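Structure, as structure tokens:
Nothing in this text is a laboratory measurement; each read-out follows from the coordinates by a stated rule. Because the structure is a prediction, the values reported are computed rather than measured.
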Amino acid sequence: MALSERERQMLEEMEEAIRAEDPRFASQMKGRRTGPGGTDRRRVAVGVVGAIIGLGLVLLGINTTLWIGVAGFVIIVAAVAYAFTPSRQTAALGVVDEDGSVKKPTQTGPSSKPKPRPGFGRSPGRPAKAPRSGTFMERMEQRWEERRRQGW
């Protein structure tokens with residue numbers, strides 16, 4: 001069922017609010033999906049071929065040795081797990097800046113220096129961030145109540 005124009009507008013406003021409030025979360029949710037459900041066709045093809053080979057070994061193990069059948073079963077499980085786990089595309093990942101923009105990392109490997117964490121080595125004139133209070137769910141409820149008070 002298609003969304004009405006008003007529903008689309010509300011959805012876009014909600015997305016913009018999420019991007020403004022928590023840019024890291026928004027960039028994580030904007031992951032690359034390569035097919036239906038986020039699976040890669042090549043991985044599914046390799047998984048199917050592996051499962052067929054494993055099934056052949058299971059059938060061979062029934063007629064010969066138990067261990068061949070067990071190995072076939074392990075191959076089936078591994079092939080199916082490989083087929084349905086998402087591939088790790090590190091080239092599409094980036095670093096989220098404080099303003100919410102995502103930038104590609106310039107250096108990779110052990111020689112690259114990590115960025116200093118907020119609060120460590122900061123200048124004396126810069127105030128420290130307030131520590132988080134409450135559990136994750138309590139903070140989410142506080143944000144929800146704050147949005148309701150603001151008229152969202």
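Annotation: extensible slack from Asp99 through Phe84 equals 1.9 nm (criterion: 0.36 nm per residue apart, minus Cα-Cα distance). Here the stretch 36-88 is described by how far its Cα atoms reach on the three principal axes: 39, 14, 13 Å, from widest to narrowest. Entry note, the stretch 36-88: relative contact order of 48 percent, from Cα contacts under 8 Å with a spacing of 6+ residues.
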